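Note sheet for the following structure.
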Number of protein chains: 2
Amino acid sequence: MTLHGYWRSTTSYRVRIALNLKGIRYDQVTHDLRSGAHRSDDYRRLNPQRLVPALETETSVLVQSPAIIEWLEETHPAPPLLPADAEGRAIVRAMAAVIGCDIHPVNNMRILSRLRTDLGAGDADVAAWIVQWIGEGFEALEAMIAGYGGMHAFGDSPTIADCYLLPQVYSAERFKVDLTAFPLIRAAADCFAALPPVAAAHPNRQPDADADADAA
Amino acid sequence: MTLHGYWRSTTSYRVRIALNLKGIRYDQVTHDLRSGAHRSDDYRRLNPQRLVPALETETSVLVQSPAIIEWLEETHPAPPLLPADAEGRAIVRAMAAVIGCDIHPVNNMRILSRLRTDLGAGDADVAAWIVQWIGEGFEALEAMIAGYGGMHAFGDSPTIADCYLLPQVYSAERFKVDLTAFPLIRAAADCFAALPPVAAAHPNRQPDADADADAA
């Protein structure tokens, strides 16, 4: 398999974690989001939405990280990243969706760029925007982890919820969001990050990582 | 079951469609998003994220429409709303995620309100914002339907992709977005909307529908 992604893209990071936890070997092709490489016609032929990630399998090109991760779970069921019961799966998927629908998409690069270019947002406006949506989402997640969490975000085994949570915490730290109000999120992220397959998915350990990249 | 929602919320509309297609009877409790009823402490006890929809089952409260719809598919498998093969399911889920992650969340009420209050966006700015994200997402979806669609968005049977698509088309029409560039989306939405269980889920047919509500 070949993962089209970008080291610092948190949606690519999610998929790398799931691939690594499943023990799947894959190649990586990088698309530099800063230079707009993902907007090329070549990449559009792979993914009409021209976003990363995309996963090339032997028979298809899969897009959208939530769909890719569900596909990985179905085709490579061990180790499971969803609980065995339907209610547990619904809770894990809800935790993932809080991040995947209501935090990440409103804070990603295309949105922040547009706030600046079209609405005249400055650095302080953009920072406040990011803090707002991470804060609202993390407040809900902290309560959900309090209700359902254990060593990990849901129970004592890694799940899809952790695959979303750790990259979102990475993003929050990059944007210097204060996380002291979210001790359970912090603990779950730290516990998960310590697993070797998860650690290997960290942005800084990818072949396209740019040590000189600015913090923004 | 009891669905907590709001007639014009497109995420509630998605869940109503899935419930109706599955032939599940449910009660509805409305939370008026315009007056902020969903931000109450009472509702927070049901859903810490204080967003609609939430589905009360006999044993739990499920939140986040993607998680609720997957739960419905798992617990009420007939009629199926996902294809039988993993690759087909990944494509359907990707179509849903284009809307559920990359169109709806960046255009929902909390985001548009904040554009106005914090960034001084006017009506024209907000309209351009909406057109931008619906346009980018629909461009990708139009290509995906061209590749995989039939009578419906994916093949010739209703899927989860249609449950997301029709409410998003309803929202686009409400915001007066020109859809002439998306004939396949239009055709899929029209075909799906004609199914009686789908028609019964339309916002205007809900008990809390407000015929005097403004177009915005």
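Set the Förster distance to 45 Å, then compute FRET efficiency between A:A209 and B:T75 from the Cβ-Cβ distance, nearest 0.05. Don't jump to the answer; show the numbers that get you there.
Working: r = 43 Å, r/R0 = 0.95.
Efficiency, from the Cβ-Cβ distance: 0.60.
Over chain B, what is the mean sequence separation of C-alpha contacts under 8 Å (at least six apart), divided by residue count, expressed as relative contact order in percent?
Values: 256 pairs, mean separation 52.2, N = 216.
Dividing the mean separation by the residue count of chain B yields 24 percent.
Report the local net charge at A:D125: Lys and Arg +1, Asp and Glu -1, summed over other residues whose C-beta lies under 10 Å from its C-beta.
On the way: positive: A:R116; negative: A:D123, B:D118.
In short, -1.
Given label points at 7 Å from Cα along Cα→Cβ, what nm distances, shortest first, separate B:R44 from the same residue in every other copy?
Output for B:R44: 4.6 nm, nearest copy listed first.
Within straight cross-link reach of B:K22, meaning Cα distance under 20 Å, which lysines are found once same-chain residues fewer than 8 apart are removed?
Counting by Cα, and skipping residues close in sequence, B:K22 has no lysines nearby.
Going out from 0 in 5 Å bins, what whole percent of all Cα-Cα distances in segment A:103-155 drops into each bin?
Once binned at 5 Å, the Cα pair distances of segment A:103-155 give 5, 19, 22, 16, 12, 10, 8, 6, 2.
In whole Å and largest first, what semi-axes does the C-alpha gyration tensor of chain A yield when each eigenvalue is scaled by 5 and square-rooted? Don't jump to the answer; show the numbers that get you there.
On the way: eigenvalues 126, 111, 46 Å².
With the √(5λ) rule applied to chain A, the semi-axes are 25, 24, 15 Å.
Find how many whole Å separate the alpha carbon centroid of segment B:70-98 from the alpha carbon centroid of segment A:56-119.
The two parts, judged by their Cα centres, are 15 Å apart.
How would you rank B:182-188, A:173-179, highest first, on the average number of other Cβ atoms within 10 Å across their residues?
On the way: B:182-188: 18.6, A:173-179: 14.1.
Highest-to-lowest ranking by the protection proxy: B:182-188, A:173-179.
Given the C-alpha atoms of segment B:2-79, compute the convex hull and give its volume per residue in Å³. Walk me through the numbers on the way to the answer.
Numbers: hull volume 6.4 nm³, N = 78.
That works out to 82 Å³ per residue.
Given the options A:P79, A:P167, A:P158, which has the most mean-square fluctuation in a GNM of chain A, springs set between C-alpha atoms less than 10 angstrom apart?
Highest fluctuation of the listed residues: A:P79.
Enter the mean number of other protein chain beta carbons within 10 Å of the beta carbon of each residue in A:107-118, as an integer.
Details: counts 1, 3, 0, 5, 7, 0, 0, 5, 5, 0, 0, 7.
Neighbouring Cβ atoms belonging to other protein chains average 3 per residue here.
Looking at B:Q206, B:N107, B:V126, which one has the Cα that reaches farthest to the positive end of the dipole of chain B (charges on Cβ: Lys, Arg +1; Asp, Glu -1)?
Toward the positive end, the furthest listed residue is B:Q206.
Tell me, what does the Kirkwood hydrodynamic radius of segment A:52-151 come to in angstroms if you use every pair of distinct C-alpha atoms? Numbers along the way, then the final one.
On the way: mean 1/r = 0.0628 Å⁻¹.
Mean inverse Cα-Cα distance, inverted, gives 15.9 Å.
For B:58-65, what's the mean count of beta carbons from other chains sitting within 10 Å of each residue's beta carbon? Spell out each step's value before the answer.
Numbers: counts 0, 1, 5, 3, 6, 9, 12, 3.
The mean count of partner-chain Cβ atoms within 10 Å per residue comes to 5.
State, to one decimal in nm and shortest first, how far the label point of A:G147 sits from each corresponding label point in the other identical copies (label point: 7 angstrom along Cα-to-Cβ).
Result, one decimal in nm: 3.7.
Could you compute the net charge surrounding B:F154? Neighbours are other residues with a C-beta less than 12 Å from the C-beta of B:F154; K and R count +1, D and E count -1. Provide the component values of the computation, followed by the final result.
Values: positive: B:R89, B:R93; negative: B:D85, B:E87, B:D156, B:D162.
Charge balance near B:F154 sits at -2.
Calculate the mean, over all residues of peptide A:73-80, of how many other protein chain Cβ atoms lie within 10 angstrom of the residue's Cβ. Walk me through the numbers on the way to the answer.
Values: counts 1, 5, 3, 0, 0, 0, 0, 0.
Per residue, the average neighbour count from other chains is 1.
Hydropathy at least -1.0 by Kyte-Doolittle, axial extent at least 24 angstrom from the Cα trace: which helices of chain A, defined as entire DSSP H runs, fit? Spell out each step's value before the answer.
Details: long enough: A:123-148 (37 Å, 0.61).
Both cut-offs are met by A:123-148.
Report D for the protein assembly as shown in µm² per second (integer): Stokes-Einstein, Kirkwood Rh on Cα pairs, 25 °C, 0.890 mPa s. Spell out each step's value before the answer.
Values: Rh = 21.8 Å.
Value of D from the Cα-based Kirkwood radius: 113 µm²/s.
So what's the gap between the Cα centers of segment B:193-211 and segment B:121-186, to the nearest angstrom?
With segment B:193-211 and segment B:121-186 each reduced to a Cα centre, they are spaced 19 Å.
Can you list the distances in nanometres, one decimal and ascending, from the A:V29 label point to the identical position in each other copy, with the point 7 Å along Cα to Cβ?
For A:V29, the other copies' label points sit at 5.0 nm, shortest first.
Write down the Kirkwood hydrodynamic radius of segment B:86-198, to one decimal in angstroms, obtained as one divided by the mean of 1/r over all alpha carbon pairs.
Values: mean 1/r = 0.0691 Å⁻¹.
The answer is 14.5 Å.
Just rank B:L3, A:L195, fewest to most, by other beta-carbon atoms within 10 angstrom.
Details: B:L3 20, A:L195 17.
Fewest-to-most Cβ neighbours within 10 Å comes out as A:L195, B:L3.
Taking the Cβ of B:E142 as the center, what net charge do the other residues with Cβ under 12 Å away carry, scoring Lys and Arg +1 and Asp and Glu -1? If you can, show how the numbers build up before the last one.
On the way: positive: B:R186; negative: B:E136, B:E139.
Result for the neighbourhood of B:E142: -1.
When DSSP beta bridges are limited to those with both residues in segment A:1-66, what percentage is antiparallel, rounded to the nearest 5? Don't jump to the answer; show the numbers that get you there.
Numbers: 6 of 10 bridges.
So the antiparallel bridges in segment A:1-66 amount to around 60 percent.
For the pair B:D42/A:V131, report the inter-label distance in nm, with labels modelled 7 Å from Cα in the Cβ direction.
It is 3.3 nm.
Output the Kirkwood hydrodynamic radius of segment A:27-71, Cα pairs only, in Å rounded to one decimal. The partial results should precede the final answer.
Numbers: mean 1/r = 0.0911 Å⁻¹.
Every distinct Cα pair counted, the radius reaches 11.0 Å.
How high is the relative contact order of segment A:86-198, in percent, with contacts defined as C-alpha pairs under 8 Å that are six or more residues apart?
Values: 88 pairs, mean separation 33.9, N = 113.
For segment A:86-198, the relative contact order is 30 percent.
Taken together, the values in this text are just the output of simple stated rules run on the coordinates, not laboratory data. These figures come from a predicted structure and were not determined experimentally. Cβ sites come from the backbone with ideal geometry, for glycine too, and all protein chains shown count toward neighbours.
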